[in-house]
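S.K.: After the structure tokens below, expect a handful of questions from me.
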Amino acid sequence: MTSAYQIVSQQDDFIIINKAANVHFHSQDGTAGVVAQVEIDLGVKLFAVHRLDTPTSGLLILAKTSEAANRFTQMFTAHQVQKYYLAIATGKPKKKQGWIIGDMAKSRRSMYKLLRTKENPAITHFFSLSIGSGIRAYLLKPFSGKTHQLRVALASVGVPILGDNLYGKQTSDRCYLHAYQLNFCYLEQEYQFTQLPIEGAYFLTEPMQQCVQDNWSLPAQLDWPQKP
């Protein structure tokens, strides 16, 4: 994908876009961030209600009015928006599925670290499956929205996301983290938006695509255990 984003869906109160990897969310250094770029392209004012890290691709909700933005903010606060991410990492994780829970604190070089304490923890549930040659695919479901949460979570179990130059040492053509599906009820209407990754050699392999199709096409229907 050469552009900064693609429009996935236009609704009366909001837009769903697919952000490209390595595109800034906020404007910086004189370059428009993805939200500002969509505003310029469509000629409308938009309101961000959640965000994605620069290296992360995938689905974003942009509200069209402040009222819609407030409603979505309340929904996110009440954990009424379900977000699912895909990731790829190499190596053997300390555990192949389960929970990753802990407080997060700032570390060096703009990094964060996971602590053993659980006063205001970042909470992530995940499944993983081998897709061959020491490579595993991950389906991640965050129950909180901390900065770098998913990147820190996988690094904490010994498998930094492939291409995540901040938390890992293995370079690649991109950071292999993608916001894959959004599920929520807005004004009594149910919505589900799905966007498979469209950039990144490892995301586009047949084993990865088959893994998602066979196992994770409807993540909301998986047997996710209750939050501990």
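The values are calculated or read from the model by the stated rules, or taken from the named source; none is laboratory data. Because the structure is a prediction, the values reported are computed rather than measured. FYI the Cβ positions are ideal-geometry reconstructions off the backbone, even for glycines, and counts take in every protein chain you see. Surface areas here come from the heavy atoms of the whole protein model, side chains and all, with no ligands, DNA or RNA. Shrake-Rupley method; radii C 1.70, N 1.55, O 1.52, S 1.80 Å.
S.K.: Taking the options P142, P219, P197, P160, name whichever one is surrounded by fewer than 22 Cβ atoms within 10 Å (Cβ to Cβ) and not aliphatic (A, V, I, L, M).
M.R.: Going through P142, P219, P197, P160 in turn, the sole match is P142.
Conditions (1) under 28 Å from M208 (Cβ atoms); (2) small (G, A, S); (3) at pLDDT 95 or above, marked per residue:
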| position | (1), (2), (3) |
| --- | --- |
| T31 | no, no, no |
| V34 | yes, no, yes |
| I61 | yes, no, yes |
| T65 | no, no, yes |
| T77 | no, no, no |
| K83 | yes, no, yes |
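S.K.: Within region 16-25, is there a residue that is within 20 Å of Y84 (Cβ to Cβ) and without any contact (Cβ under 8 Å) to a residue 24 or more places away in the chain?
M.R.: no
S.K.: For region 11-63, which residues satisfy the criterion of being in a helix (DSSP H, G or I) and under 15 Å from the mean Cα position of the chain (by Cα)?
M.R.: Those that are in a helix (DSSP H, G or I) and under 15 Å from the mean Cα position of the chain (by Cα): none in region 11-63.
Matching residues to (1) at pLDDT 95 or above; (2) among the aliphatic types (A, V, I, L, M):
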position	(1), (2)
T117	no, no
S130	yes, no
L139	yes, yes
T147	no, no
A155	yes, yes
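S.K.: Moving on to the next point. Here's a check for you: in region 100-114, which residue that is surrounded by fewer than 15 Cβ atoms within 10 Å (Cβ to Cβ) and not basic (K, R) is modelled with the lowest pLDDT?
M.R.: S110
S.K.: Please work out which residue is least open to solvent (accessible area, probe 1.4 Å), limiting yourself to region 62-99 and to residues that are among the aromatic types (F, W, Y) and farther than 12 Å from F14 by Cβ.
M.R.: Y84
Every residue, every condition in (1) farther than 22 Å from N18 by Cα; (2) touching a Pro at 6+ places or on another chain (Cβ under 6 Å); (3) of a type in the set (A, V, I, L, M, F, W, C), yes or no:
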| site | (1), (2), (3) |
| --- | --- |
| A36 | no, no, yes |
| D41 | no, no, no |
| L52 | no, no, yes |
| P55 | no, no, no |
| L60 | no, no, yes |
| T65 | no, no, no |
| Q82 | no, no, no |
| S110 | yes, no, no |
| N120 | yes, no, no |
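S.K.: Next question. Can you pull out the residues in region 3-61 that are among the aliphatic types (A, V, I, L, M) and open to solvent by 50 Å² or more (accessible area, probe 1.4 Å)?
M.R.: Passing the criteria: I7, V8, I40, L42, V44, A48.
S.K.: Shifting gears a bit: Within region 123-130, does at least one residue satisfy the condition of being part of a loop (DSSP other than H, G, I, E, B) and open to solvent by 30 Å² or more (accessible area, probe 1.4 Å)?
M.R.: No, region 123-130 has no match at all.
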